[in-house]
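The values are calculated or read from the model by the stated rules, or taken from the named source; none is laboratory data. It should be emphasised that the depicted structure is a prediction, and the values quoted were computed from it without experimental measurement. Counting neighbours? That spans all protein chains shown, and the Cβs are built from the backbone with ideal geometry, glycine included.
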Amino acid sequence: METIDADRTRLVGTTDEPHWYIEQLAGIRAYFRIIAPRELRDAARFLGSRLLRAAGREDAS
């Protein structure tokens, strides 16, 4: 982890299991943005879609 400023920290990591990694990140009670890789962004979209469906969002795909 690298401090960017008083409000932001950068986390750099590696994984060969993006779905597991995004589940760990989702447990952090803070806003975050995924810069890369595409596989982690795709895993986040998949998890987000699952959660929206579980919450009854009809427009979740």
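Within the range 40-59, count every residue that is farther than 16 Å from Pro18 by Cα and touching a residue at least 12 places away in the same chain (Cβ under 8 Å). Final tally of qualifying residues: 0.
Take Phe46 and decide whether it is surrounded by 10 or more Cβ atoms within 10 Å (Cβ to Cβ), modelled with pLDDT under 95 and under 11 Å from the mean Cα position of the chain (by Cα). The answer is no for Phe46.
Of all residues in the range 1-22, those satisfying the criterion of being loosely packed, with under 10 Cβ neighbours inside 10 Å and either under 20 Å from Leu51 (Cβ atoms) or of a type in the set (S, T, N, Q) (or both) are Thr3, Thr14. Screening Pro37 on (1) touching a residue at least 12 places away in the same chain (Cβ under 8 Å); (2) farther than 20 Å from Met1 by Cβ shows it passes everything except condition (2).
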